[in-house]
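Each remark here refers to the structure printed beneath this line.
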Amino acid sequence: MALHFGIDILLQQDPIWKKNRIAMLTNDAARTTNGIISRLALKNAGFNLTTIFSPEHGIQTIGEDGALIKDGLDDVTGLPIISLYGEKYMPSADDLKNIDILLFDVPDAGTRFYTYLWSMTYWIEAAAKYNKQVIILDRPNPLGGNLALCEGPMLDESITSFIGRFNIPVKHQCTLGELAIYFNTVQHWNANLKVIQCEGWERAELFFDWNQKWVNPSPALQNIEATILYPGLCFFEATNLSVGRGTPYSFEWIGAPWLNQKEIMMLAHTMLGEDYKLEPINLPIQVGNETSIFTGIRMKVKDPYHYPAVMNGLVLLKLIKDLHPNDFKWMPYPTNANPSGENHLSLLLGIQDAEELFELPLKEWLQNCIKIIKVRNWTTTIKPFLLYE
């Protein structure tokens with residue numbers, strides 16, 4: 001069966017709410033399987049869209065990571081855009097006073113700290129709070145739905161943030177539709193929620209199997225290869241290494257002016273076996289007002305269908321830290337959601353005092369990491385909410 005996203009299924013229907021006043025949380029990455037921007041396809045089909053809401057990175061998905069997004073006007077539909085990554089994350093009563101339906105269509109990257117998931121949870125919570133119906137147009141997870149590939153840590157809810165609002169694994173292997181039902185239930189919002197499922201997708205399939213052209217969900221995820229590496233390489237945001245933002249290799253490459261390429265490649269091969277093909281590549285990286293040459297390595301995953309992204313990223317981080325004790329530093333990562341940028345590694349990993357974990361000797365560190373990465377309970381917890389085989 002050919003793949004159809006939730007938006008495609010909706011366009012085949014003629015729902016009774018079609019002429020109701022509809023607000024849509026979306027962006028330009030949300031498209032039909034024919035490549036038409038979702039909100040334009042709905043408008044052309046006669047759906048009564050009245051207001052557009054946008055998540056992080058804005059409606060055009062080009063805003064810098066963590067940058068405040070302002071309200072605006074949508075070039076595609078001519079409708080006003082209200083930002084949910086500016087002064088607020090949840091629409092207000094005033095925003096929704098003339099709205100009947102809250103529609104959601106935003107592609108995901110399959111990782112807990114990718115913020116579109118959390119924008120969806122605020123969207124559902126607002127629907128419950130203001131007594132609106134909320135409809136999620138579902139899409140497959142680009143990292144697949146094989147629950148055997150889930151990786152923790154689970155989230156310590158004493159350190160919740162906009163990159164980890166509730167307790168799920170770093171790599172959850174679910175669709176946003178499944179997580180919508182899960183959170184609506186376990187958070188006791190009990191919103192009037194409907195998920196329009198996609199068709200023609202099986203959990204074992206990754207983006208490679210969709211027969212679709214890649215559309216960047218955000219500036220730094222420029223292809224599926226970067227998205228596969230992202231759950232492990234994002235931890236480098238909390239360091240003084242670069243992940244290649246602003247280059248063609250963002251989240252496929254890591255580097256620093258002081259990085260010992262040869263030694264790291266040898267150690268990574270020893271520790272990680274054949275998971276990666278590693279290539280030495282030096283890149284010009286903008287740091288403040290200056291451009292410096294960063295020595296780095298590009299990673300290519302050999303078997304994306306069985307790749308332990310989180311564990312491999314953490315191992316690589318530990319090896320680089322230990323090999324460069326005088327040069328490696330933990331760094332703040334300021335964003336609109338966390339202006340100070342402090343505690344970024346803990347917020348990403350979802351555990352308290354994450355930096356202290358990396359002070360352990362390698363063998364003890366590895367034992368601890370293996371323990372916290374395993375999330376067998378997640379499979380049992382999420383099973384009643386799964387929509388696909």
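The values are calculated or read from the model by the stated rules, or taken from the named source; none is laboratory data. Since the model is a prediction, treat every value here as computed from it, not as a measurement. A quick note on method: Cβ atoms are made from the backbone with ideal geometry, for glycine too, and the neighbour counts reach across all protein chains shown.
How many residues does the stretch 300-351 hold that are assigned to a loop (DSSP other than H, G, I, E, B) and of a type outside the set (S, T, N, Q)?
19
Looking only at residues that are of a type in the set (Val, Ile, Thr) and part of a loop (DSSP other than H, G, I, E, B) in the stretch 89-142, which one is farthest from the chain's Cα centre (by Cα)?
First pass over the stretch 89-142, keeping only residues of a type in the set (Val, Ile, Thr): 99, 101, 106, 111, 115, 121, 124, 134-136.
Adding the requirement that they be part of a loop (DSSP other than H, G, I, E, B) leaves 99, 106, 115.
Numbers: Ile99: 28, Val106: 11, Thr115: 6 Å.
Here the answer is Ile99.
Considering the stretch 332-382 alone, what residues qualify as being under 21 Å from the mean Cα position of the chain (by Cα) and among the charged types (D, E, K, R)?
Glu342, Lys374
Restricting the search to the stretch 161-201, which residues are part of a helix (DSSP H, G or I) and either at pLDDT below 95 or small (Gly, Ala, Ser) (or both)? Break it down stepwise before answering.
Looking only at the stretch 161-201, we keep the residues that are part of a helix (DSSP H, G or I), and these are 176-186.
Gly177, Ala180, listed by residue number.
Just to be sure, is Cys198 surrounded by 20 or more Cβ atoms within 10 Å (Cβ to Cβ), closer than 16 Å to Lys318 by Cα and of a type outside the set (Asp, Glu)? Outline the logic, then answer.
Values: surrounded by 20 or more Cβ atoms within 10 Å (Cβ to Cβ): yes; closer than 16 Å to Lys318 by Cα: no; of a type outside the set (Asp, Glu): yes.
Criteria not met by Cys198.
Got at least one residue in the stretch 163-186 being over 20 Å from the mean Cα position of the chain (by Cα) and more than 25 Å from Val310 (Cβ to Cβ)? Let's see the steps before the verdict.
Restricting attention to the stretch 163-186, the residues satisfying the condition of being over 20 Å from the mean Cα position of the chain (by Cα) are 185-186.
Keeping just the survivors that are more than 25 Å from Val310 (Cβ to Cβ) gives 185.
Yes, that holds for at least one residue.
If you scan the stretch 371-389, which residues turn out to be among the β-branched types (Val, Ile, Thr) and surrounded by fewer than 11 Cβ atoms within 10 Å (Cβ to Cβ)? Show your work before the answer.
Filtering the stretch 371-389 for residues among the β-branched types (Val, Ile, Thr) gives 372-373, 375, 379-382.
Hit for the stretch 371-389 is Thr380, nothing else.
Applying the selection to the stretch 37-79, what residues are polar (S, T, N, Q), assigned to a loop (DSSP other than H, G, I, E, B) and closer than 18 Å to Arg21 by Cβ? Outline the logic, then answer.
Step one: of the stretch 37-79, the residues polar (S, T, N, Q) are 38, 44, 48, 50-51, 54, 60-61, 77.
Of the ones still in play, those that are also assigned to a loop (DSSP other than H, G, I, E, B) are 48, 60-61, 77.
Once the filter is applied, which keeps residues that are polar (S, T, N, Q), assigned to a loop (DSSP other than H, G, I, E, B) and closer than 18 Å to Arg21 by Cβ, the stretch 37-79 yields Asn48, Thr77.
Quick check: anything in the stretch 349-367 closer than 25 Å to Gly246 by Cα and assigned by TED's automatic domain parsing to the domain that holds Phe236? Show your work before the answer.
Going through the stretch 349-367, the residues closer than 25 Å to Gly246 by Cα turn out to be 349.
Keeping just the survivors that are assigned by TED's automatic domain parsing to the domain that holds Phe236 gives 349.
Yes; the residues of the stretch 349-367 include at least one that is closer than 25 Å to Gly246 by Cα and assigned by TED's automatic domain parsing to the domain that holds Phe236.
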